[in-house]
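The values are calculated or read from the model by the stated rules, or taken from the named source; none is laboratory data. All figures in this text were calculated on a predicted structure; none of them were measured in a lab. Here the Cβ is made from the backbone with ideal geometry for all residues, glycine too, and neighbour counts use every protein chain on show. Remember, those area values only see protein heavy atoms, side chains included, never the ligands or the DNA or RNA. Shrake-Rupley method; radii C 1.70, N 1.55, O 1.52, S 1.80 Å.
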Amino acid sequence: MKVILLGPQGAGKGTQAQRLADRVGATHISTGDIVRSEIESGSELGKKVQDYNDRGELVPDEVIVEMAKPYLDDADSWLLDGFPRNEAQAKALDGALDEIGEKLDAVVALEAPDDDLVERLSGRRQSQATGKIYHVEYDPPPDDGDDPGPFVQRDDDAEDAIRRRLEIYHEQTEPLKDFYAERGLLITVDAEQEIPKVTEDILGAVGREEDV
Ligand code: AP5
């Protein structure tokens, strides 16, 4: 299974990829997580990408493609979250798949209005221990010790960076919907619904009803 989750910031790509990965036995590959883990490691690459991340700007294509490639080669089955984000990256992904003789199964576009997204991102918390994504109101962190936390806010979840990320999404990433629709790969899912219902709809859309 090779599926791209496409959608604006806060639509729920990370949330859904985490819920789906176990159920369908696929690896969740998030280029945002890859960027943040380089930054945390303090590596030269991390220093190079930190400023882009904190301002909500895209990391240059050649850098992110090189960062993502080893993960694509390593897993047989994946859910790709946050990549590709423009046509150049989509073409680089095609090239990487051609090299290993694989092809995409589907591109799932999660759709939700911008006003909801700002509220979702402002309330997002992520567990430092498990990486699991929560929301203070819609999906609160457990208080029974199931996830020890602490539950922290991302540096780029400040309002200015959120607005900039959404602007870039509409300019550069949203046109990929047409790019993949022309190849018959695009499936759209209403991401305004509750989290479990969105998961159910994605599984149905990719022909995995048995995993609902
Ligand atoms: P990345 O980590 O990918 O961030 P992003 O694109 O801004 O996406 P988000 O993680 O904000 O959104 P999401 O859709 O995953 O939302 P989530 O599930 O968390 O990238 C970070 C940075 O890395 C970029 O800005 C860039 O600098 C760099 N980068 C990464 N990839 C790159 C690339 N390909 N090229 C260049 N640079 C790149 O959900 C959000 C919140 O909403 C959560 O609190 C969740 O609980 C809640 N929620 C989710 N679904 C629902 C629902 N149905 N109802 C109510 N609440 C919900």
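Remark: accessible surface ordering of 28, 170, 135 (largest first) is 170, 28, 135, probe radius 1.4 Å. Within straight-line reach of residue 197, meaning a Cα separation under 18 Å, sit the following aspartates and glutamates at least 8 residues removed in sequence or on another chain: 22, 111, 116, 137, 139, 209, 210, 211.
Percent of Cα pairs in the range 51-181 per distance bin of 5 Å, from zero to the largest separation: 2, 8, 16, 18, 19, 17, 13, 6, 2, 0.
Counting DSSP beta bridges with both partners in the range 88-200, what percentage is antiparallel, nearest 5?
Working: 6 of 11 bridges.
Bridges in the range 88-200 are about 55 percent antiparallel.
With respect to the cross-link table entries 91/132; 2/48; 48/69, which display a Cα-Cα separation exceeding 26 Å? Can you show the working numbers first?
Numbers: 91/132 30 Å; 2/48 29 Å; 48/69 18 Å.
Long pairs (Cα-Cα over 26 Å): 91/132; 2/48.
For the chain, give me the percentage of DSSP beta bridges that are antiparallel, rounded to the nearest 5 percent. Present the calculation step by step, with values, prior to reporting the outcome.
Values: 6 of 23 bridges.
That works out to approximately 25 percent antiparallel.
The mean sequence distance of close C-alpha pairs (under 8 Å, at least 6 residues apart), as a share of the length of the chain, puts its relative contact order at 29 percent.
Suppose we take every Cα in the range 92-149 and form the convex hull; what volume per residue is that in Å³? Mind dumping the intermediate values first?
Values: hull volume 9.3 nm³, N = 58.
Dividing the Cα hull volume of the range 92-149 by its residue count gives 161 Å³.
In this rough spin-label picture, where each label sits 7 Å from Cα along the Cβ direction, the residue 73-residue 164 distance is 3.3 nm.
Per residue, the range 66-212 exposes an accessible area of 53 Å² to a 1.4 Å probe, with every protein chain left in place.
Can you work out the FRET efficiency for the pair residue 88 and residue 144, with r the C-beta to C-beta distance and R0 = 45 Å, to the nearest 0.05? Spell out each step's value before the answer.
On the way: r = 46 Å, r/R0 = 1.02.
The pair residue 88/residue 144 has a calculated efficiency of 0.50.
The accessible area of residue 185, taken with all protein chains in place and a 1.4 Å probe, comes to roughly 30 Å².
Need one number: convex hull volume per residue for the range 20-82, Cα atoms only, in Å³.
On the way: hull volume 5.5 nm³, N = 63.
With only Cα atoms used, the range 20-82 gives 88 Å³ per residue.
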